[in-house]
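S.K.: Please find one structure pasted underneath; my questions will follow.
Read-outs throughout are calculated quantities, based only on the coordinates presented, and are distinct from any laboratory measurement. Computed from a prediction, not measured in an experiment: that's the story for all the values here. With ideal geometry, Cβ positions are generated from the backbone for all residues, glycine too; neighbour counts draw on all protein chains shown.
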Amino acid sequence: MNKFLYFCLLIALVLTGVWLWLKGNSQSAVNNKNIVSTPIYTDIDSIRLKAMLSNKDFYFINVHTPYQGEIEKTDAFIPYDQIDKNLNKLPKDKNAKIVLYCQSGRMSAIAAKRLTELGYTDVYNHILGMHDWQSKGYPLKTTNYL
């Protein structure tokens, strides 16, 4: 019986030690001023985007490069990797709703992350991009800039 009691006491001590260690580490992480939080944006699919476009209340940006077409009602064309160089094309209000898209969703996700890092708070990324848009039977516009 004494071995069982010692075993239970040992388990209790180990669990208490682990709990105190975890609590101490999480508390130090909260107090660490060097923590970088990941900015958040919202992913939307083509069906939701189509519904949003029927009552458009957002700034709509095609970030795909090179140009491969566009969704109707696009407001601006800013290459995904040049967001910082084109701040003049973005809404001045950092709380403005912005929806980004590209051909596959990869470039727009990068641009969405960058916009949130710049302080924009209402950013949407069209996941799967123009590929998904067309797969749902929705049309693309194309413009020949040459």
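S.K.: Starting with the highest mean, order 55-63, 87-95, 129-137 by the number of other Cβ atoms within 10 Å, averaged over the residues of each peptide. Each step should come with its number before you reach the end.
M.R.: Numbers: 55-63: 18.4, 87-95: 11.9, 129-137: 16.3.
By packing density, highest mean first, the sequence is 55-63, 129-137, 87-95.
S.K.: Checking the table Lys97/Lys136; Lys50/Lys85; Lys97/Lys141; Lys56/Lys97 against a 20 Å threshold on Cα-Cα, which pairs fail? Walk me through the numbers on the way to the answer.
M.R.: Working: Lys97/Lys136 24 Å; Lys50/Lys85 29 Å; Lys97/Lys141 23 Å; Lys56/Lys97 10 Å.
Lys97/Lys136; Lys50/Lys85; Lys97/Lys141, as the Cα separations exceed 20 Å there.
S.K.: Calculate the tail of P(r) for segment 42-135: the fraction of all Cα-Cα distances greater than 24 Å, expressed in %.
M.R.: Details: 398 of 4371 pairs.
When all Cα pairs of segment 42-135 are counted, 9 percent exceed 24 Å.
S.K.: Determine the relative contact order of segment 42-135: mean sequence separation of Cα pairs under 8 Å and six or more apart, normalised by residue count, in whole percent.
M.R.: Values: 162 pairs, mean separation 32.8, N = 94.
Relative CO of segment 42-135 lands at 35 percent.
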